[in-house]
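As C-alpha cells, the structure follows; a few thoughts come after it.
The values are calculated or read from the model by the stated rules, or taken from the named source; none is laboratory data. This one's a predicted model, so the numbers in the text were calculated from it and none came from an experiment. FYI the Cβ positions are ideal-geometry reconstructions off the backbone, even for glycines, and counts take in every protein chain you see. Side chains included, ligands, DNA and RNA excluded: accessible areas come from the protein's heavy atoms. Shrake-Rupley method; radii C 1.70, N 1.55, O 1.52, S 1.80 Å.
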Amino acid sequence: MRRKLVPVVALSLACLLVATTACSSGNRKKRSRSADRPAGTAAKRDDVDAAPTTTRATPTPRRTGDQLTCLELRNSRVGSRKVRYREYAAPIRLADGRWSDRDGTTVQLQRPCAVGDLDGDGAGDAIGVVVLDGGGTGRFFTLAAWRNVRGEPDYQAQVDLGDRTPVESVSVRDGRATVVYLTRPADGPMAELSIRRTAVYQLRGTTLAELRHTDARVTGTFGDEETADSGTAPDSPDSPTRKRRPRSR
C-alpha cells in the first residue's frame, strides 16, 4: 500500500510544481508588458476606430478676379428688391435674353454690352441695355449695371434713356461707363432722331449717375454730324472742348 502511494504523491507534486512555474512566468510577462507602457497610456485596440478629426468648413472667398461675360446677362435678372425695373414689383428673369408677359409685353436684352470694374473691388462687372416693348409704338430703353457678386451677375443700378432711343455702343474705362445712343431735342418730334449723345456714367451704390454728356447733331442719313452743346456746364472741368466741323454738301 505504501509503495503505491509514493508514486502518486510524487506525480501530484510534479504537476503542482509545473503549474506554479507557468503561472509565475505568465505574471512576470504581464508585469514586463505593463512596465514597458508609459503611465497613463491606454492600450490600443485594433477593433476600435480612432476618434474622427473635426474640421471647420472654410468659407469660399469671393473671386474678385473673375470677369462677368455679356453672355451671362442673357439669363440674368432684370430689377431687384432695391431697384425696381419699370412698374414690376419683383425682378424678372430673362431666358436667352428675352422675357414676355401674358399681356404681350416683352423685355429684351440688346446687343451693346461691356465688361469692366464699376465699383472698384477688382471684379469685372457688366453694363448692358434692355428695352421694354408694350406692343404699341413705344420702346423704352434702359441702361443697366450688374455687379459681379461671387462670379454671378447681380442687378445693381439703372438709368432710363427714353422712348425709341436706340443704343449704338457701350464701353467701360477707368470705372466709368460710356454709352452712345440716338435721341432728339426735348421739343422735337418722336420720329426724329437728330442727336447722337455720348454720356458718361459712374456707379454710385444703386444709382448710375451721369457725369457729363456731349451731343452731336445728326442730319440726313446720320452720316453728317456736328458737335452741339455739351450737357456739362461750360466752366466745368469736365466740359470737353467743342469743335465744329463743316457739313458736307
* Asked: Which members of the range 115-125 meet the condition of being assigned to a strand (DSSP E or B) and within 13 Å of L208 (Cβ to Cβ)?
  -> D125
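Only residues that are over 20 Å from the mean Cα position of the chain (by Cα) and not basic (K, R): list them for the range 99-117, please. Give the steps one after another, and end with the answer.
Residues of the range 99-117 that are over 20 Å from the mean Cα position of the chain (by Cα), as a first pass: 99-108, 110-112.
Hits for the range 99-117 are W99, S100, D101, D103, G104, T105, T106, V107, Q108, Q110, P112.
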* **the range 164-185 residues that are in contact (Cβ under 8 Å) with a residue 60 or more places away in the chain and of a type in the set (F, W, Y), paired with ones that are open to solvent by 40 Å² or more (accessible area, probe 1.4 Å) and part of a loop (DSSP other than H, G, I, E, B) (beta carbon under 9 Å, 6 or more apart)** => none
* Among the candidates T137, T105, T142, single out the residue that is β-branched (V, I, T), touching a strand residue (DSSP E or B) at 6+ places or on another chain (Cβ under 9 Å) and open to solvent by 20 Å² or more (accessible area, probe 1.4 Å). => T137
* To do: Spot the failing condition for V218; the list is (1) more than 30 Å from A123 (Cβ to Cβ); (2) assigned to a strand (DSSP E or B); (3) open to solvent by 40 Å² or more (accessible area, probe 1.4 Å), and only one is missed.
  => (3)
* Working only within the range 65-82, note down all residues that are closer than 13 Å to V149 by Cα and loosely packed, with under 13 Cβ neighbours inside 10 Å. => G65
* Could you please let me know if D174 is of a type outside the set (S, T, N, Q), open to solvent by less than 30 Å² (accessible area, probe 1.4 Å), at pLDDT 95 or above and more than 20 Å from V107 (Cα to Cα)? => no
* Asked: Is it the case that some residue within the range 194-209 is loosely packed, with under 15 Cβ neighbours inside 10 Å, among the hydroxyl-bearing types (S, T, Y) and either under 24 Å from the mean Cα position of the chain (by Cα) or at pLDDT below 95 (or both)?
  -> yes
* To do: Might you let me know whether the range 79-98 holds any residue that is hydroxyl-bearing (S, T, Y), part of a strand (DSSP E or B) and over 15 Å from the mean Cα position of the chain (by Cα)?
  => no
